[in-house]
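See structure below.
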Amino acid sequence: MTQKVSLTRYLVEQQRVDGLIPAQLRLLLEVVARACKRISFAVNKGELGDVMGAAETQNVQGEVQKKLDIIANEVLIEANEWGGHLAAMASEEMEGIYVVPNRYPQGEYLLMFDPLDGSSNIDVNVSIGTIFSVLKKPDDHPGVQEADFLQAGAKQVAAGYCIYGPQTTLVLTVGDGVAQFTLDREQGSFVLTQENLRIPEDTKEFAINMSNMRHWDAPVKRYIDECLAGKEGPRGKDFNMRWIASMVADVHRILTRGGIFMYPWDKREPEKPGKLRLMYEANPMAWLVEQAGGAATNGKERILDIAPTKLHQRVSVILGSKNEVERVTSYHTEK
Ligand code: AHG
Ligand code: MN
Ligand code: MN
């Protein structure tokens, strides 16, 4: 019988054989996975637990928080604060950074997360997820401050997401390709189900919220118009469309069978570069996609090269199958 490889074993081997994961990072990833397991069980309770619907609060982005946004945020903080592997955390649901309380030892890593991505899908029983990104704290000063988080995505040391769908699946990179783990509920552990995920370079599937079409910029409109023209148009092939409204679920589909995902800048809020957040949505997803052979840009530059200036900074996102992302990017850059 072929032995199943648990997440724990995978991480131990990555540490031992490849030296890719220092012990502290390994602990961090185990703890994040454990927190995701708890969130998964909370999600599954649905109406049977007190987890559905809106809370009576707003987050720093001015969005009404769902109960699960708050629960997932608390689970991640409680799980991660005592292990000694972290200096601080930052989250979509918290305005400032959360410094590890001084009753616990301070570690050298910084953890950022979108505790619950796709919140509008919670109450309608559609896939949602948790997205996370790990950085190393700069070691040139004691203590930790918000500025320590403002590192380009290329500096990430680990990134991933957990999707709560028909299965609960954890997808992870530490810079050595992308691995996928499925939660075995009977065993209570994540089991390696796919190694070295690859995104096909070409695709016939795009994901964008079409209801915003009238607000888009010309390059995005041109690209989608060409897709919609199908076989008879300049692309010479028919395209299919998907939009789940959970970035996690849209990116998971793209990592599984290819595609392009876009949440571009639009005229509704012209002062904002986009809807999605750079530090805990775009950066981790961009790194996963690149590690799987895809590409990720904001239309002008590689997402991972953007120098952040704010924790909750927004960004325009175009990611997925390489040739399509390059095409949309070229429409933005050509004169
Ligand atoms: P969140 O639930 O963390 O606020 O993120 C939702 C994001 C993203 O997951 C998704 O792609 C997008 O918002 C959907 O936005 P629209 O409802 O504007 O399509
Ligand atoms: Mn999100
Ligand atoms: Mn969220």
Revision key, fill the gap. With a ≥ b ≥ c from the Cα gyration tensor eigenvalues, square-rooted, and the rule rounded for a/c under 1.5, otherwise prolate when a/b > b/c and oblate otherwise, the range 29-173 is prolate
Exercise for review: Run the numbers on the range 182-291 and let me know its relative contact order in percent, using alpha-carbon pairs under 8 Å that are six or more apart.
Suggested key: 29
**Study point:** Length-normalised contact order for the chain - Cα pairs under 8 Å, 6+ apart - percent
**Key:** 15
**Study point:** Dmax and Rg, reported as Rg then Dmax, of the range 205-334 (C-alpha, Å)
**Key:** 13.7, 45
**Study point:** Derived scalar couplings ³J(HN,Hα) [the range 93-102; Karplus, 6.51 cos²θ - 1.76 cosθ + 1.60; whole Hz; x for Gly, Pro]
**Key:** 8, 10, 5, x, 7, 10, 7, 4, x, 6
Practice item. Report the extension gain between Glu226 and Leu48 in nm, rounded to one decimal, defined as 0.36 nm multiplied by the number of residues separating them, less their alpha carbon distance. Key: 59.4 nm
Revision key, fill the gap. Of the accessible area of the chain, computed with a 1.4 Å probe and all protein chains kept, carbon and sulfur make up a percent value of 48
Check your understanding: Residues with amide H under 5 Å of Gln65's amide H, sequence separation 5 or more or different chain, H placed in the peptide plane at 1.01 Å from N; which?
Key -> Ala55, Thr57, Gln58, Asn59
Point to revise | trypsin sites (Lys or Arg not before Pro) lying in DSSP loop within the range 238-294, provided at most 12 other Cβ fall within 10 Å | key: Lys267, Arg268
Exercise for review: Please list, in chain and number order, the residues 5+ apart from Gly118 or on another chain whose amide H is under 5 Å from its amide H, with Hs placed from the backbone.
Suggested key: Met247
Practice item. Report, in order of residue number, the helices in the chain meeting two criteria: a C-alpha extent of 30 Å or more along the helix axis, and a mean Kyte-Doolittle hydropathy of at least 1.0; treat each whole DSSP H run as one helix. Key: none
**Study point:** Cut-off under 5 Å, modelled amide H: who pairs with Val317 long-range
**Key:** Tyr263, Trp265
Check your understanding: For Val17 and Lys310, what does the FRET efficiency come to when R0 = 56 Å and r is the distance between their Cβ atoms, rounded to the nearest 0.05?
Key -> 0.90
Point to revise | DSSP-defined beta bridges in the chain - what % are antiparallel, rounded to 5 | key: 85
Point to revise | Cα lying deepest toward the dipole's positive end in the range 205-334, options Asn240, Thr333, Leu311, charges on Cβ | key: Leu311
Practice item. Give me the aspartates and glutamates in straight-line cross-link reach of Lys272: C-alpha distance below 14 Å, same-chain residues under 8 apart excluded. Key: Asp217
**Study point:** Kirkwood-type radius of the chain, with distances r between different C-alpha atoms, in Å
**Key:** 20.3
Practice item. Would you kindly derive the ³J(HN,Hα) couplings of the range 195-202 from the backbone phi angles with the Karplus curve 6.51 cos²θ - 1.76 cosθ + 1.60 (θ = phi - 60°), listing them in order in whole Hz, with x for Gly and Pro? Key: 10, 6, 4, 10, 9, x, 6, 10
Practice item. On a C-alpha basis, how far is the centre of the range 161-179 from the centre of the range 247-277 in Å? Whole number, if you could? Key: 18
Point to revise | Neighbour cut-off at most 14 other Cβ (10 Å), DSSP loop, GluC sites (Glu not before Pro), the range 53-131 | key: Glu63, Glu95
Exercise for review: Would you work out the relative contact order for the range 7-194, in percent, from Cα pairs under 8 angstrom that are 6 or more residues apart?
Suggested key: 15
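The values are calculated or read from the model by the stated rules, or taken from the named source; none is laboratory data. From a predicted model like this one, the values you see are computed outputs, not experimental measurements. Ideal geometry is used to build each Cβ from the backbone, glycine not excepted, and the neighbour counts take in all protein chains shown. Note: areas computed on protein heavy atoms with side chains; ligands, DNA, RNA excluded. Shrake-Rupley method; radii C 1.70, N 1.55, O 1.52, S 1.80 Å.
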